[in-house]
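To keep things clear, I will list the structure first and then write my remarks on it.
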Amino acid sequence: MNDQSPTPPDGASRRAVAYTDRLFRPFLVVCVVLVVGVQLILSPDGDAAFVSWLLFVPTALLAIWTITRYVEAVPVWLQTTLFCLYSILASALFPIPADTFSAAFVFMAAASAGQLLSSYRLAVLVAVVDGVACAVANYISDFADPTPWPWWLGLLVGLPVYIGITRRQRNDALKVAELAAFEMERAAASEAREAALLERGRIAREIHDVLGHSLSAIAIQLDMAQVLQAHDRTDDADAAIHRARDLARTGIGETRRAVHALNEDQLPVSDTLQAVTDDYAATFMLIGQPTTMAVEKSQTIIRATQESLTNAHRHAPGSVATVTLDFSTAGSCRLEVENGAPAFAPRRADIELEGSSMGLASMEKRVRDIGGECQFRTTPEGGWIVRLAIPT
């Protein structure tokens, strides 16, 4: 699994919007400024030309300002003030120079305000100022040079503000969608990392249990061989040593399966428990028909049995142990491990021997993690009972 976290969005999915914002709109503004400037240069000299230049220069500077990165670097109140000034100057320039494209500035002012101002109310305010100023400018200019267009048409020049607002909303929606996709990707990566860590912990715990059980069972057989050898029962001692060797081989195989994430096919849990109880000279009883179980559930039953029998051997040597696996209840598997009182006092070496898992508390947690229940209680005879109920 790749543990690297996803990188934050870099705006690649907003290329269509970025094309308009970074290329087309700046290109349009620069072209309008250059064309109107050339038209004013070629226009006849006079008072109108002087006033046109006086209005054109600051209007052109404000238009260019809207396509730079500094447009968002100023406070909102200053940004709104500059857009209002831009609209008023463009409106004043609208009726003065004849036969020029200076009328484009009023439309660009409204569209830029809608796209760049963070507040839609402020953008509409700029559009209102733009339209009113243009209508007033047209009304005043009609006294000096009547035009075929009525003055109130100037109120419509603020309508492009909605085009700018729409583009800003689209851009914001794309940003939100991209951020949401990034958060989903990061959450999925986090869940995958958590699942990998849980799986690694389960495999590590399985390896710990396998090795612990194998070593404990081998120690039991070697202790038995030592006692038998001391009583001149050489054949029985050799058989115990052979069983210890077989247990070592079995432990190695189980460890390999655990390393492969326990995904390999395994024997039915009843057959495995029969083999485990044979190793500990315990009695095994099967009730009902075994059903197919998930690997983690069957492994939990096996490790709980091994842990219980190892504890019985360590703390109650010589006691009679019985393992009962019950499938008679639909949708549930019940395990009961019971041992009687010890036949003799346990040796200190057995008590200090490492267990086959992390103890009863770990067994209980492992059972609860898969939705089961675990109970421990002592018997009046001096033994104890371990009961598990696991959903199948």
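Working ranking of peptides 320-333, 211-224 by packing, defined as the average number of other Cβ atoms within 10 Å per residue, highest first, is 211-224, 320-333. Sorting Glu338, Glu185 by solvent-accessible area of protein heavy atoms yields Glu185, Glu338, largest first, with a 1.4 Å probe.
Using the average count of surrounding beta-carbon atoms within 10 Å as a protection proxy, the listed peptides 27-34, 134-141 rank, highest first, as 134-141, 27-34.
Note on His315 and Ala49: their simple-model spin labels are 10.9 nm apart, each label 7 Å out from Cα toward Cβ. Peptides 299-311, 153-165 ranked from most to least packed by the mean count of surrounding Cβ atoms within 10 Å: 299-311, 153-165.
The values are calculated or read from the model by the stated rules, or taken from the named source; none is laboratory data. Worth saying up front: this structure is predicted, and the values here are computed from it rather than measured. FYI the Cβ positions are ideal-geometry reconstructions off the backbone, even for glycines, and counts take in every protein chain you see. For accessibility, only protein heavy atoms count, side chains too; no ligands or nucleic acids. Shrake-Rupley method; radii C 1.70, N 1.55, O 1.52, S 1.80 Å.
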